[in-house]
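Just so it is clear, none of the values below were taken in a lab; they were calculated from the coordinates. Note that the coordinates shown come from a computational prediction; the quantities given were computed from them, not determined experimentally. Methodologically, a virtual Cβ is constructed for each residue, glycine included, from the backbone with ideal geometry; neighbour enumeration extends over all protein chains shown.
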Amino acid sequence: MIKPINKDSTDILKNKFTLIYILNCIDILFTYTLLKTGDFYEANFIMQPIVSNAFLSILVKVILPAALIYMLFFYLKEAKFTSLKLCNFFINIVVLIYLMINFLHVYYIINIFSNL
């Protein structure tokens, strides 16, 4: 059952942010794996110039999000109820998007290995 957001549910939001971070890190691993095949390209036009540089990719997809989420954890303690509710809504959308992206990556990787 989905519990309503209240002032004491910042732990739930922290867990969702952690999930987004994990899915983000998995996304860059899958992206690199698929790009190495030569049959795929980066669909995100913002990330296209970044994925060609491993250092920039790690910075943009791993280090910066970790720092932002860490700072956000402090903000959640002081957030008002309406902000928490809005934050939860958008977090749920982002989680769904990242799940779809990662499932797509898994689908492509399974197809690659099944064609070998």
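Dipole of the range 10-114, Cα-centred, from +1 at each Lys and Arg C-beta and -1 at each Asp and Glu C-beta, to the nearest 20 debye?
That gives a dipole near 320 debye.
If you rank I63, I109 by fewest surrounding Cβ atoms within 10 Å, what's the result?
I63, I109
For the chain, what is the calculated [θ] at 222 nm in deg cm²/dmol (nearest 500), taking -39500 (n - 2.57) for each run of four or more DSSP H residues and dividing by its residue count?
-24500 deg cm²/dmol
Binned at 10 Å from 0, what are the whole-percent values of the Cα-Cα distance distribution for the chain, short to long?
Histogram of Cα-Cα distances, whole percents per bin: 12, 38, 29, 17, 5, 0.
Considering lysine pairs in the chain that are 8 or more places apart or on different chains, how many have Cα atoms under 28 Å apart?
21
Just to confirm a number: summing +1 for Lys and Arg and -1 for Asp and Glu over residues other than Y32 whose beta-carbon lies under 11 angstrom from that of Y32, what do you get?
Taking every other residue near Y32 into account, the sum is 0.
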